[in-house]
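Structure first, then comments.
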Amino acid sequence: MMTRGWTLFFIASILIGWLGVYLSADSKIPDYSETPREQVPDQYKWRVQDLYPDMGAWEKEKAAVTALAAQVDERAKDWTAGPDKMLAFMDWLNEVQLRGYRLMVFAQLQSDANLADPLFQKMKGEMQFLFVNFAAKVSFVNPDILKLGRAKIDEYLAREPKLDVYRFSFEKVLRNADHIRPAEQERLVSMTGLFSEAPEKAATMLNDMDIPGAQVTLSDGTKVTLNTANYMKYRASANVEDRRKVMEAYWLNQKQFANTLSILQDGAVKEHLYRAKVRNHPDTLTAALFHNDIDPAVYRNLIKAVHENLGPLHRFLTLRRKLLGLEQMKYGDVYASAVKAVSRTYTYDEARKLVQDSMAPMGPEYTAVLGRAFSDGWIDVYPNQGKESGAYSNGIYGVHPYVKMNYDGSYSNVSTLAHELGHAMHSYHSNQAQPFVNSHYPIFLAEIASTFNETLLMQHLLKAEQDDTLKLFLLDSYLERVRQTLFRQTLFAEFELDMHEHVEKGQTLTPDWLNARYLALTRQYYGHDRGVMDVEDYIQYEWSGIPHFYYNYYVFQYSTGIVASSALADMVLREGEPGRQKYLTFLKAGGSKFPMDILKDAGLDMTTPRPVEASLRQFEGLVAEMETIAARLKLVQ
């Protein structure tokens, strides 16, 4: 997630009512960014011991899972001969996957908290090797299901009710009849997992660890080395020269590695093309969306709808330029808080209370579970030396979700906390309601619960606050999040589609092509030729620092996610208990159906462009409200 940092400033005369809790003038954010992991207080670290109490327990479980997985040849014999044998095999397969996943997550959490420790890299490598080899050995499963056929599967389901838990899994395989290869070919394809993630991992290590940070001297004489965390902090500086200097220095520093990063990006996209061809899909987009039964038109309609509605974004940027007092807005100004009078910092305790209070419309049972996230070791709060940048949530079946933060006190990070806890609540409810095989919600739904929480947070603040200055600040902060989630991620989605289509034509992703295409799209979205914003040349290198471009058509789901979440949040706030139950039905569905069907059960049809258009209208309406407030405060003419 993107972060912004603001200097603490607040006018004491407007500290009224509940605001006194959140807007403390002496708020302090501890800085552990250069502190070794073991010296960070335990209260700010996730409790990995809930997975395994110590390394010995992890090693013991790894040995047990390895032995369990080694039973594959014995268990594979005649596994489709009858419903009882099929049930026994599927239960065994389910157990290996669940226990193996927990082992991998333990290693992943430890590694992400301390990238420099080679032990955790070794553990991850061991688990990857185990998973890839196991996947190769069970590659016969899908071909065997296809060979068995729908009629026989239906017969087995009727004869053995306990098999019903795997019904949707069988359905997903059966619809793949034209895309699954014979068993030996499937085994060979699965073995590519040993190296297929190498481009992504190499790019992550380069960007987070190995690329030397650019050196800048700020206007007050402070010398700063721009690692990822410092870049995100200082690009939002209230000082115009500082933020522009930081932005330019950071991305020009990437230029020296553009050749290497372009090769990695090219390799990742060609791996996506390889998989599309192996699976007999006409193109990479169709292949990526097929698993979730999503029509490629949904992707293209999103890009089309946003392209046709860039006016509201340009209107928002123009207003921010005026509020920032700039004659011309540059891309280096895009992350600055436009409402200077209430630039401020939130302690972690303040953020916690804000998030919990804002979720009140979801009812006491929901908020009680949310409280456990803060009290029961679900969250890793602050940056520390060697910790991976960014934020995420990982839901562990049978344990609890884990949330990684790099909390810096900005409102953006308060919203990020709400966002990641939305993921956590989705995982928690899905894991409670579904068996493991159906608990993992599809990627298309992954960003809905997260942005739903962001929307409730903003609605809570706007409803509680009467002061125009603070309301303007909150609207600016929220709409900036929407800019990043809806407009910016759609820009990314279009760039990602362009990359894949370029490779599908037999071309290579060279630095020149990547730079030119990214710069052209950024200038189009941000109104460079319309005089809205000066998008400087150095932004052409920004693609090289976006990890999501390795994820195979992932980013568009941030955009569709916020569109869906806006509609669902409106439903909950408008309908009360009926809307709340529909939303909880959505959370509890996990991956038990295809995503479009799950959303339809919650009352939302994403197959038409109408939800996207409605979300864009809502964005423009909030921009208009900002303009009205700014005029009333005589901040703009």
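The values are calculated or read from the model by the stated rules, or taken from the named source; none is laboratory data. Predicted, not measured: the structure shown is a model, and the values here were computed from it. No Cβ is skipped: glycine too gets one built from the backbone with ideal geometry, and neighbour counts run over all protein chains shown.
If you go through the stretch 156-168 one residue at a time, how many are in contact (Cβ under 8 Å) with a residue 24 or more places away in the chain, surrounded by fewer than 17 Cβ atoms within 10 Å (Cβ to Cβ) and part of a helix (DSSP H, G or I)? Looking only at that region, the number is 3.
For every residue, the table says whether it meets (1) buried (at least 23 other Cβ atoms within 10 Å of the Cβ); (2) under 23 Å from Glu447 (Cα atoms); (3) hydroxyl-bearing (Ser, Thr, Tyr).
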{"site": "Gly325", "(1), (2), (3)": "no, no, no"}
{"site": "Val369", "(1), (2), (3)": "no, yes, no"}
{"site": "Glu388", "(1), (2), (3)": "no, yes, no"}
{"site": "Ser393", "(1), (2), (3)": "yes, yes, yes"}
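Quick one: which residue in Phe129, Phe134 is at pLDDT below 95 and surrounded by 17 or more Cβ atoms within 10 Å (Cβ to Cβ)?
Only one candidate passes the filter, namely Phe134.
Pairs linking a residue in the stretch 93-116 that is charged (D, E, K, R) to a residue that is part of a helix (DSSP H, G or I) and surrounded by 17 or more Cβ atoms within 10 Å (Cβ to Cβ), with Cβ atoms under 7 Å and 6 or more positions apart or on different chains, are Arg99/Glu61; Arg99/Val65. The condition of being out of contact with any His (no Cβ under 8 Å at 6 or more places or on another chain), crowded, with 17+ Cβ neighbours inside 10 Å and not in a helix (DSSP H, G or I) holds for only one of Ser592, Ser615, Ser544, Ser566, that being Ser592. Taking the criterion of being closer than 20 Å to Glu327 by Cβ and free of Cβ contacts under 8 Å to residues at least 24 places away in the same chain, the residues of the stretch 613-636 that qualify are Ala631, Lys634.
Tally the residues that are touching a helix residue (DSSP H, G or I) at 6+ places or on another chain (Cβ under 8 Å) and under 24 Å from Tyr397 (Cβ atoms), restricting the search to the stretch 71-101. Full working, then the answer.
So in the stretch 71-101, the residues touching a helix residue (DSSP H, G or I) at 6+ places or on another chain (Cβ under 8 Å) come out as 71-73, 75-76, 78-80, 82-83, 86-90, 92-100.
Adding the requirement that they be under 24 Å from Tyr397 (Cβ atoms) leaves 71-72, 75, 79, 86-90, 92-100.
Counting residues in the stretch 71-101 that are touching a helix residue (DSSP H, G or I) at 6+ places or on another chain (Cβ under 8 Å) and under 24 Å from Tyr397 (Cβ atoms) gives 18.
In this structure, is Thr318 touching a residue at least 24 places away in the same chain (Cβ under 8 Å), polar (S, T, N, Q) and either surrounded by 21 or more Cβ atoms within 10 Å (Cβ to Cβ) or not assigned by TED's automatic domain parsing to the domain that holds Thr560 (or both)?
No; evaluated as a whole, the condition is false for this residue.
Any residue in the stretch 196-219 that is of a type outside the set (Asp, Glu), within 30 Å of Glu248 (Cα to Cα), touching a strand residue (DSSP E or B) at 6+ places or on another chain (Cβ under 6 Å) and surrounded by 19 or more Cβ atoms within 10 Å (Cβ to Cβ)? The answer is yes; a qualifying residue exists. In summary, Ala57 fulfils each of the numbered conditions (1) crowded, with 16+ Cβ neighbours inside 10 Å; (2) part of a helix (DSSP H, G or I) with the single exception of condition (1). Going through the stretch 276-288 one residue at a time, which ones are under 23 Å from the mean Cα position of the chain (by Cα) and surrounded by fewer than 21 Cβ atoms within 10 Å (Cβ to Cβ)? Within the stretch 276-288, just Thr286 meets the criteria.
Of all residues in the stretch 255-268, those that are surrounded by fewer than 20 Cβ atoms within 10 Å (Cβ to Cβ), of a type outside the set (Lys, Arg) and either assigned to a helix (DSSP H, G or I) or within 25 Å of the chain's Cα centre (by Cα) (or both) total 5. In the stretch 387-406, the count of residues that are free of Cβ contacts under 8 Å to residues at least 40 places away in the same chain and assigned to a helix (DSSP H, G or I) is zero.
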